[in-house]
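Have a look at the structure below, then the notes.
Derivation of every value follows stated rules applied to the coordinates shown; laboratory data play no part. Everything numeric here is computed off the predicted structure, so don't read it as measured data. We place every Cβ from the backbone using ideal geometry, glycine too, and count neighbours over all the protein chains shown.
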């Protein structure tokens, strides 16, 4: 059995470094990539515990169950897809024009639309400043065009690489 803090290299398509961690809240032990460990602030908190004690109610853990198609997790009109939160809207909702045909809309887009007081256009992108896709507080969101969103994402990645280089020196 590995010890907490042990590291290993795993080769898939590229070499991946992993670290063995224990969640300080639920005490589950698991291997995670070193990159993920550094992105979560080196706390080791697991995904299920990630929202406990957080002021953002969307980050709280869900009692998840599979939907009828066994494709996604569903909780009273909320679901998770590719690490983004989705909210189900009723057809008479003012922001329903932003919803997919299933009636779901990405929560970060809904938060920004309510902040602006109008539905968002399809070409408008909402960017998470801290790269945590479940952190949908308005102060963490910015509105951008496709070009602006891509540019800000590239710049953020470059800043992270430079900070990592400085930290390693």
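Residue order for 96, 104, fewest other beta carbons within 10 angstrom first, comes to 96, 104. With a Förster radius of 22 Å applied to the C-beta separation of residue 149 and residue 114, the computed FRET efficiency comes to 0.65. A simple spin-label model places the labels of residue 93 and residue 122 2.0 nm from each other, with each point 7 Å out along Cα-to-Cβ. A simple spin-label model places pseudo-atoms 7 Å from Cα toward Cβ; at residue 22 and residue 138 they are separated by 4.2 nm.
Ordered by the number of other Cβ atoms lying within 10 Å of each residue's own Cβ, fewest first, 147, 92 fall into the sequence 92, 147.
So how do 109, 137 line up by other beta-carbon neighbours within 10 Å, fewest first? Could you put the intermediate results ahead of the total?
Working: 109 23, 137 16.
Least crowded to most crowded, the residues run 137, 109.
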